[in-house]
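Quick note: the coordinates plus some simple rules give every number you see, no bench work behind them. Please read these numbers as outputs of a predicted model, since none were measured by experiment. Backbone-built Cβ (ideal geometry, glycine too); neighbour counts: all protein chains shown.
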Amino acid sequence: MRDVKPLFLLLLLHRVTNGQDNGKWSSTTSTEISTVVGCKVEIEWVNAGPVDEFTIYKKQEHILSFHSGVSDNLIGNERLMINQQKRRNGELITVTINDVEIGDSGIYTCKLLPSNHSKNVTLTVTDLKWKTGKEIKAVNPWTPVQLSWEYKDSSGTAMVTAVRRKPGNSDWAEILARWEKGSVVQVHDLLRSRLEVDNFMTTAAGNKRTSIVLKDVTREDLSYQYRLLLEFGKCQKYSEPIDLIPEQCEAAPECSMTVRNVLIILVVLLLLAVISLIIFSYILRRRFIDDAANTERNRYASNRDIALSSRQVTPLVPEPLLDSENGNSASTSTRNGTIGENETVEKSKSSNYESSS
Ligand SMILES: *[C@@H]1O[C@H](CO)[C@@H](O)[C@H](O)[C@H]1NC(C)=O
Ligand SMILES: *[C@@H]1O[C@H](CO)[C@@H](O)[C@H](O)[C@H]1NC(C)=O
């Protein structure tokens, strides 16, 4: 019983403070928001307590109000919307501004009623100006190409990504490189060895400039469009695309290099062709000679067969044609007989040897 009492008191105290104090603003939402003209922006407030009625001020001017689920757009601006949602960490109040303009910049104040607890959020809208436009670059395969973009963004808060896609594809999913606060933080894994990515440069006019060099351009690379993507929160701004097209060979020094390379390759191919032609013709000739010999032999054999069949000699007897021509009875003798003859020669030789020694 002694333990339960303080817990009960604590619970009661918590309830009382929660009911009384609905002015606890969460610090999870930012108090400074930057965006660029044309984006959609959401200004958020999160309050711990129950929120039933509140008003939104901009530069002290009453622009929106909300009471028991009903919102009122007090200045008739259709680009402005207000929303209230219950969240785990409290109640979320959102003011959405579509297609923001420079004039939307300023301090937005959310004031809860009847407590008068308020919180300010500062919105800064800047203009984004691309200094580089649509471009078509003629490139030779196997030479490097530099893709450059320049823009003016006073907010300086953009996440910057160089992307490419094949024309007709709807999304620019292939990320070549990514920068954060002007420094390279990510480079395409597969293209890493062929990509040269530098940190951002700031020009004298205060523009941001970046470029990537794609080395040893392949036919595949030429089939893409290349863009720079700037992200301001959820708002995405793409540069105009750079298209790569294969260059017709003209007086460019890299081009003549290519011509020389192509010539060397052609000569090598020609040599290979000649060598293989020689080898092939040699094989062909060999085969032709063999074939001719075979036909000759076959004709000879068939002649012989005719001769044999006309004489009705059994084919078991070896070289009967020679027999008939030479009339030599010795060659008709069996293998044993021949060996016997050789033996006699050997014998006579050895006997000769013996007699000489
Ligand atoms: C809130 O402000 C209004 C007028 O500005 C005032 O009349 C009212 O008493 C204030 N409420 C609280 C709880 O301070
Ligand atoms: C909000 O901004 C206004 C105008 O600058 C200022 O008068 C007010 O004190 C600020 N309120 C809070 C809660 O910071």
**OP:** Over the Cα atoms of region 54-147, compute the convex hull volume and normalise it per residue, giving Å³.
**Re:** 188 Å³
Subject >> Ordering of 142-149, 208-215 by packing [mean C-beta count within 10 Å, highest first] >> reply: 208-215, 142-149
**OP:** Output the pairs from LYS40/LYS129; LYS152/LYS237; LYS152/LYS181; LYS59/LYS111; LYS59/LYS86; LYS59/LYS119 with a Cα-Cα distance over 19 Å in this structure; if there are none, say none.
**Re:** LYS59/LYS86
Original post:
Quick one: if you stick a label point 7 Å off each Cα along the C-beta vector at LYS24 and VAL185, how many nm between them?
Top reply: 3.2 nm
Subject >> Calculated from backbone phi, Karplus (6.51, -1.76, 1.60) coupling profile of region 174-189 in Hz, x at Gly/Pro >> reply: 7, 8, 7, 7, 9, 10, 10, 6, x, 10, 5, 10, 7, 10, 3, 4
Original post:
Roughly how many nanometres apart are two label points built 7 Å out from the Cα toward the Cβ at LEU195 and ASN120?
Top reply: 4.2 nm
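In a shell of Cβ-Cβ distance under 11 Å around ALA205, excluding ALA205 itself, what net charge do Lys and Arg (+1) and Asp and Glu (-1) give?
Details: positive: LYS129, LYS131, LYS152, LYS208, ARG209; negative: GLU150.
Neighbourhood net charge equals +4.
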**OP:** Between beta-carbons, use under 10 Å as the cut-off and find the net charge around ASN83, counting Lys and Arg +1, Asp and Glu -1.
**Re:** -2
Original post:
In terms of modelled amide H atoms, which long-range or inter-chain residues lie less than 5 Å from the amide H of LYS137?
Top reply: ASP243, LEU244, ILE245
Original post:
Out of residues 5 or more away from CYS39 or on other chains, whose amide H comes under 5 Å of its own, with H placed 1.01 Å from N in the peptide plane?
Top reply: VAL100
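If neighbour count is taken as other Cβ atoms inside 10 Å, put MET159, MET201 in order from fewest to most. Write out the running numbers ahead of the final one.
Numbers: MET159 15, MET201 12.
Ordered by Cβ neighbours within 10 Å, fewest first: MET201, MET159.
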Subject >> Built amide H within the under 5 Å cut-off of SER26, gap 5+ >> reply: VAL46, ASN47, ALA48
Original post:
If R0 is 56 Å, what FRET efficiency do you get for ILE175 and ILE279 from their C-beta distance, rounded to 0.05?
Top reply: 0.65
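Within 14 Å, Cβ to Cβ, of LEU230, how many net charges do the neighbouring residues add up to if Lys/Arg are +1 and Asp/Glu are -1?
So the surrounding residues net to +4.
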